Amino acid sequence: MRYNRAFTGSLLSIFFWFLLMPSASFGQQKRTDEPPPRTNGRSAGSRGCSNNRRILKNSPPALILLSSNTKRARTISSNPIFAWFIRDSQARQMQFRLYQEDSATQEYELVKEIKEKEFQSKAGIMVLPMPKNVRLSQGKKYLWQVELVCDRNRPSANLFAEAELEIAPIQPSLKNKLKQAVNPGDKAMLLAKNGLEYDALMTVLATNKTAASGKPRMNKLKVALLNQITSDPSELKTLQACDIHWMKME
């Protein structure tokens, strides 16, 4: 299956989120030749799957992928984690697709698809580690997509969002420092300082399972990283406070 890059997306204004953390200078290595992503990682409009449901004025979109809306996300993991926000509490079937770009044709080849009926949404942040047999290639670019099935008989009514991801090489010095990191906070900070905010956020989300998630330092880092997803204060507050659900799909 192929996916053509004939899509567009409106980008939010760049917000200097790192000002929330004056002690950290994230992403010191600027990539001035890197264009912004062609997607903004969120479903269009404010509606959910039901047009009859009343939507509050300041409600966030029904679906937000936890990926930067100002630059292509980078990860050093060949077996990455994906995460997204679901606004509505009613469970819906989801579909997940991961594509790899063919650099010659700029088309996308399907790598992984999940569309089982058991793949259901929950309100909050949903985190999906890739199965161990899914290994991505360094230097390659990927597109990942989440779709909420609103009507099985009318796919055009479904909500979807997509974002770009690049597998980056890891510098030997950073690799050694990460091995020496004694706690998730140190590891997340190292990743963020080296321009790997995507990996830093996934590390912070993983601390939801530990006591470290309640520490002020981790909460402050979480806010700074989420501010790369949205600069809207009400959306940021919602993302910061919502439940985190880890999934396991083969």
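The values are calculated or read from the model by the stated rules, or taken from the named source; none is laboratory data. Just so we're clear, the structure is a prediction, and the values are computed from it rather than from any experiment. With ideal geometry, Cβ positions are generated from the backbone for all residues, glycine too; neighbour counts draw on all protein chains shown. Note: accessible area is taken over every heavy atom of the protein model, side chains too, but ligands, DNA and RNA are not part of it. Shrake-Rupley method; radii C 1.70, N 1.55, O 1.52, S 1.80 Å.
Once you charge only the Cβ atoms, +1 for Lys and Arg and -1 for Asp and Glu, what is the size of the charge dipole of segment 105-159 about its Cα centre, to the nearest 20 debye?
180 debye
Need one word for segment 95-186: rounded, prolate or oblate. Basis is the Cα gyration tensor (sqrt eigenvalues a ≥ b ≥ c); a/c below 1.5 gives rounded, then a/b vs b/c decides.
oblate
Express the carbon and sulfur contribution to the solvent-accessible surface of segment 50-170 as a percent, rounded to the nearest whole number, probe 1.4 angstrom.
Its accessible area is 42 percent carbon and sulfur atoms.
Ranked from highest to lowest mean number of other Cβ atoms within 10 Å per residue, what is the order of the peptides 86-94, 63-71, 146-154?
Order by mean packing, descending: 63-71, 86-94, 146-154.
Report, in listed order, any pair from K140/K237; K132/K222; K141/K215; K187/K220; K141/K237; K71/K193 with a Cα-Cα distance greater than 23 Å.
K140/K237; K132/K222; K141/K215; K141/K237
For segment 125-179, report the accessible area per residue in Å² (1.4 Å probe, heavy atoms, rounded to an integer).
50 Å²
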